[in-house]
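Asks: Sharing a structure below in structure tokens format, with a few things to ask.
The values are calculated or read from the model by the stated rules, or taken from the named source; none is laboratory data. Remember, it's a predicted structure, so these values are computed and weren't measured experimentally. Positions of Cβ are generated from backbone atoms using ideal geometry, with glycine treated the same way; all protein chains shown enter the neighbour counts. Remember, those area values only see protein heavy atoms, side chains included, never the ligands or the DNA or RNA. Shrake-Rupley method; radii C 1.70, N 1.55, O 1.52, S 1.80 Å.
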Amino acid sequence: MNAAPPPSMQTLDLGVIGNSAVAALIDPAGTLNWMCLPRLDGDPVFCALLGPPGEPGEGAWSLRLCDQVSTSQRYQRNTAILETVLTDRDGNQARITDFAPRYRKNGRIFRGATITRIVEPIRGTPRLTVSLRPRQSYGAHPPEISRGTNHVRYMLGDQTLRLTTDAPIEYVLSRTPFLLDGPHVFLLGPDEGLSDSAATIANMFLAETRLYWLDWVRSLSLAADFQDVVIRAAITLKLCSNEETGGIVAALTTSIPEYGASGRTWDYRYCWLRDSYFTVQALNSLSATRTMENYLIYVSNLVAASEDGYMQPLFGLGLERKLDEQLVPTLGGYRGFGPARCGNAAWTQVQNDGYGSIVLAAIQCFFDERLPQLGGEHLFRQLERLGEQAVARWDRPDAGLWEFRNRSEVHTHSALMCWAACERLGRIAARLGLPDSAARWSAAASTIHEGIHRRAWNEARQSFVATFEGEDLDASLLLMAQTGFVAPNDPRFLSTVAACEAELRFGNHVYRYRRPDDFGPPETAFTACTFWLIDALVRTGRREEARHIFDDILSRRNHLGLLSEGVHVESGELWGNFPQTYSMVGLINSAIALSRSWEEIL
């Protein structure tokens with residue numbers, strides 16, 4: 001049990017609840033301080049994580065005991081249901097159960113946009129204060145409030161939220177402490193009436209949602225070791241998807257700085273082709289292929305809307321292409337470190353690795369016989385349009401996967417992913433019995449393969465380098481064996497891994513690069529890159545060393561097993577947007593790579 005943090009404390013010791021339609025972040029004291037509506041990339045109606053203007057408590061939903069002194073928190077096993085136990089100075093205790101409903105109903109998945117909070121006394125007679133204070137327009141304005149008999153309506157611009165509760169409405173609105181002499185439920189969602197009492201609906205939601213997650217986890221294909229790590233990461237990835245459209249966000253937040261006053265405050269609440277591929281790949285490895293199937297529908301819509309197959313790097317969850325970046329002066333920033341932003345100017349960049357990302361995300365659907373509908377020639381012809389772009393762009397300058405804003409070079413990783421697009425298209429064509437197409441794409445892959453070996457290898461450094469004819473390294477070079485471009489025992493790959501360790505590895509952490517960019521040298525290690533090193537070490541036979549690094553990274557997770565974008569090497573503190581899908585993917589991939597087989601255990 002931990003001492004209760006101050007109500008205004010901003011921390012990445014956060015839990016995630018959600019249902020693939022909505023998601024919310026909850027701090028160790030049980031305060032809901034981040035939630036965007038009506039989608040994961042919408043207006044943050046709860047925005048206290050980024051410090052809204054006004055008095056403490058604005059932009060947050062807290063359930064707090066009088067004289068609260070400590071809290072503890074956990075997920076119900078194998079679910080996305082979060083429990084927070086609050087203790088006051090007299091030893092009285094209450095438990096908050098937080099979740100968003102998700103369950104099977106009438107042959108479909110019900111995922112109502114309703115946050116459900118159940119608070120109940122578990123020891124003594126605690127007194128509870130409820131403070132529900134949403135904002136609109138990125139914290140700029142409080143809502144108009146309308147009171148009903150058992151509900152409150154919060155009018156937030158063009159959307160209205162309804163709180164339905166069996167707690168005294170007067171005490172909720174006035175934030176008056178009251179005796180918690182039994183369970184109370186709070187349902188916050190669309191402005192719609194309930195078909196039964198709030199308690200009946202909430203308890204039904206809880207029972208059905210628990211059964212759903214237990215069943216979903218039971219269907220996962222898991223290795224023998226690190227199962228709790230993988231299960232939590234997989235559930236978290238699921239919560240970062242928008243099941244209605246198939247899009248997957250890179251993270252649930254915007255503007256959490258990469259470190260302190262670095263100015264590196266980006267909006268990650270969009271669907272990057274690159275990040276989504278890694279998420280789909282990780283869930284596929286666990287046999288959770290539904291996310292891939294939904295994502296392919298999303299991507300098919302993108303491809304159909306592109307006349308020539310050109311793909312920008314990221315899109316909105318509703319297929320939006322224009323995501324103009326704006327500063328948000330109404331939010332002070334995480335711990336006061338701004339600026340806060342919405343939108344991301346990277347949508348205007350050229351990033352040529354996206355073509356390979358889409359094809360790699362799609363390839364399993366052509367080979368996995370478990371799927372109800374295998375990919376066919378129609379999907380293949382759509383993907384060929386992306387291949388055409390890969391052939392045309394593999395040796396052209398771009399912003400690269402690190403999205404440099406004032407630098408354009410031919411990035412080795414972008415070329416590598418263009419090669420992967422062509423190489424996989426050749427495999428798919430062979431699978432579909434299209435020999436002419438198979439030969440064509442295999443030939444294109446060979447041309448790119450030769451070009452990368454010739455132009456990305458630096459003889460003086462005895463390493464592949466980040467850009468053609470360049471000298472600098474970046475951590476994406478560690479992926480060359482994972483994508484199949486080189487064999488793990490290829491001397492060039494072995495020496496590249498050694499060079500990356502010498503230049504980018506600090507203790508058990510890996511920086512993405514060290515060359516100064518638009519904001520100077522990076523100040524935090526990029527956690528995904530550390531997992532890439534673990535993968536490279538396992539592939540090259542350094543398993544024990546990889547296990548040591550993995551154990552260290554496990555210790556950097558927050559108290560609920562979640563990771564953000566990066567780690568500050570000196571302090572070990574988490575920084576960057578949260579939860580970062582890249583990082584959660586790394587937990588899954590490294591756990592699988594390092595696990596023993598069941599035969600070794602049983």
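Asks: Per the 1.4 Å probe, what fraction of the accessible area of the stretch 44-85, in percent, lies on carbon and sulfur atoms?
Replies: Values: 620 of 1290 Å².
Ligands and nucleic acids excluded, carbon and sulfur give 48 percent.
Asks: Taking H placed 1.01 Å from N in the peptide plane, check which residues at least 5 places from residue 34 or on another chain put their amide H under 5 Å from its amide H.
Replies: 25
Asks: Carbon-plus-sulfur fraction of the accessible area of the stretch 185-299, 1.4 Å probe, in percent?
Replies: Working: 1640 of 3410 Å².
Carbon plus sulfur share of accessible area: 48 percent.
Asks: What is the stretch 265-355's relative contact order, in percent, from Cα pairs under 8 angstrom and six or more apart in sequence? Before the final figure, lay out the partial values.
Replies: Numbers: 100 pairs, mean separation 31.9, N = 91.
Value for the stretch 265-355: 35 percent.
Asks: Which value, in Å² and to the nearest 10, is the accessible area of residue 231 when all protein chains are kept and the probe is 1.4 Å?
Replies: 10 Å²
Asks: Let me see the P(r) profile for the stretch 356-467: every Cα-Cα distance counted, bins of 5 Å, each bin given as a percent of all pairs.
Replies: Taking all Cα pairs of the stretch 356-467, the binned fractions are 2, 12, 21, 20, 16, 12, 9, 5, 2, 0, 0 percent.
Asks: Stretch residue 173-residue 227 to full length: gain in nm at 0.36 nm per residue minus the Cα-Cα span? Provide the component values of the computation, followed by the final result.
Replies: On the way: separation 54, 0.36 × 54 = 19.44 nm, distance 4.35 nm.
Length gained between residue 173 and residue 227: 15.1 nm.
Asks: Largest first, how would 342, 418 line up by accessible area (1.4 Å probe)? Don't jump to the answer; show the numbers that get you there.
Replies: Values: 342 20, 418 0 Å².
Ranked list, largest accessible area first: 342, 418.
Asks: Would you work out the relative contact order for the chain, in percent, from Cα pairs under 8 angstrom that are 6 or more residues apart?
Replies: On the way: 1356 pairs, mean separation 72.9, N = 602.
Dividing the mean separation by the residue count of the chain yields 12 percent.
Asks: For the stretch 477-582, with only Lys/Arg (+1) and Asp/Glu (-1) charged at the beta-carbon, what is the dipole magnitude about the Cα centre, in debye rounded to 20?
Replies: Working: 11 positive and 14 negative charges, 63 e Å.
Using only the charged Cβ atoms, the result is roughly 300 debye.
Asks: Heavy-atom accessible area of residue 388 with all protein chains present, probe 1.4 Å, nearest 10 Å²?
Replies: 90 Å²
Asks: Could you give me the ³J(HN,Hα) list for the stretch 243-258, computed from phi with Karplus coefficients 6.51, -1.76, 1.60 and θ = phi - 60°, whole Hz, x at Gly and Pro?
Replies: 5, 4, 9, x, x, 10, 7, 6, 7, 8, 10, 10, 6, 6, x, 4
Asks: Only four residue types carry charge here, +1 at the Cβ of Lys and Arg and -1 at the Cβ of Asp and Glu. Report the dipole size of the stretch 91-164 about the Cα centre in Debye, rounded to the nearest 20. Working shown, then result.
Replies: Values: 14 positive and 4 negative charges, 65 e Å.
Dipole size: approximately 320 debye.
Asks: Here is a follow-up. In deg cm²/dmol, rounded to 500, what helix-only [θ] at 222 nm does the chain give when every DSSP H run of at least 4 residues adds -39500 (n - 2.57) and the total is split over its residues? Let's see the in-between values first.
Replies: Values: 15 runs with 198 residues, N = 602.
Result for the chain: -10500 deg cm²/dmol, rounded to the nearest 500.
Asks: Residue 108 versus residue 153, label points 7 Å from Cα toward the beta carbon: distance in nm?
Replies: With each label point 7 Å from Cα toward Cβ, the separation is 2.5 nm.
Asks: So for the stretch 411-457, considering every pair of alpha-carbon atoms, how many percent are separated by more than 17 Å?
Replies: On the way: 341 of 1081 pairs.
Here the long-distance tail beyond 17 Å is 32 percent of all Cα pairs in the stretch 411-457.
Asks: Which is farthest toward the positive dipole end of the chain among 261, 560, 513, measuring Cα position about the Cα centre, with Cβ charges +1 (Lys, Arg) and -1 (Asp, Glu)?
Replies: Of the candidates, 560 comes out farthest on the positive side.
Asks: OK, next. Of 214, 237, 602, which has the most accessible area with a 1.4 Å probe, and how do the rest follow in descending order?
Replies: Numbers: 214 50, 237 0, 602 155 Å².
Output order, biggest surface exposure first: 602, 214, 237.
Asks: Give, rounded to the nearest 20 debye, the magnitude of the charge dipole that the chain has about its Cα centre when Lys and Arg contribute +1 at Cβ and Asp and Glu contribute -1 at Cβ.
Replies: On the way: 58 positive and 69 negative charges, 164 e Å.
Dipole of the chain, to the nearest 20 debye: 780 debye.
Asks: Amide H neighbours of residue 464 under 5 Å, at least 5 residues apart or on other chains, H built in the peptide plane: list them.
Replies: For residue 464, whose amide H was placed from the backbone, the distant partners under 5 Å are 458, 496.
Asks: Separate question: Just to verify a number: what accessible area does residue 125 come out at with the full protein assembly present, 1.4 Å probe, Å² rounded to tens?
Replies: 90 Å²
Asks: Quick one: if you stick a label point 7 Å off each Cα along the C-beta vector at residue 319 and residue 551, how many nm between them?
Replies: 5.0 nm
Asks: Tell me the per residue accessible area of the chain using a 1.4 Å probe; a whole number in Å² is fine. All intermediate terms of the calculation are to be shown ahead of the outcome.
Replies: On the way: 22090 Å² over 602 residues.
The answer is 37 Å² per residue.
Asks: Residue-wise, which Karplus ³J(HN,Hα) couplings in Hz belong to the stretch 287-294, taking 6.51 cos²θ - 1.76 cosθ + 1.60, θ = phi - 60°, and x for glycine or proline?
Replies: Here the 3J(HN,Hα) series is 6, 8, 7, 4, 4, 4, 4, 5 Hz.
Asks: Here's something else I'd like to know. Given a cut-off of under 8 Å on Cα pairs at least six residues apart, what relative contact order in percent is computed for the stretch 498-596? Intermediate results must be reported in sequence, preceding the final value.
Replies: Numbers: 126 pairs, mean separation 24.8, N = 99.
25 percent.
Asks: Using a 1.4 angstrom probe on the protein heavy atoms only, could you order 417, 155 from most to least accessible area?
Replies: Details: 417 5, 155 50 Å².
From most accessible down to least: 155, 417.
Asks: Also: Give me the number: length gained by fully extending residue 559 to residue 305, i.e. 0.36 nm times residue separation minus the C-alpha to C-alpha distance, one decimal in nm. Show your work: numbers first, answer last.
Replies: Details: separation 254, 0.36 × 254 = 91.44 nm, distance 4.30 nm.
Full extension from residue 559 to residue 305 adds 87.1 nm.
Asks: Out of residues 5 or more away from residue 573 or on other chains, whose amide H comes under 5 Å of its own, with H placed 1.01 Å from N in the peptide plane?
Replies: Those qualifying (amide H under 5 Å, at least 5 residues apart or on another chain) are 568.
Asks: I'd like the Karplus ³J(HN,Hα) series for the stretch 185-194: coefficients 6.51, -1.76, 1.60, θ = phi - 60°, whole numbers in Hz, and an x wherever there's a Gly or Pro.
Replies: Karplus-based 3J(HN,Hα) across the stretch 185-194 equals 10, 9, 10, 10, x, x, 6, 9, x, 9 Hz.
Asks: Also, I was wondering about something else. With a ≥ b ≥ c taken as the square roots of the eigenvalues of the C-alpha gyration tensor of the stretch 146-211, please select rounded if a/c is under 1.5 and otherwise prolate if a/b is larger than b/c or oblate if it is not? Don't skip to the end; give the middle numbers.
Replies: Working: a/c = 2.13, a/b = 1.11, b/c = 1.92.
The shape class here is oblate.
Asks: What percentage of the solvent-accessible surface of the stretch 361-487, computed with a 1.4 Å probe over protein heavy atoms, is contributed by carbon and sulfur atoms?
Replies: Numbers: 2480 of 5080 Å².
That fraction is 49 percent.
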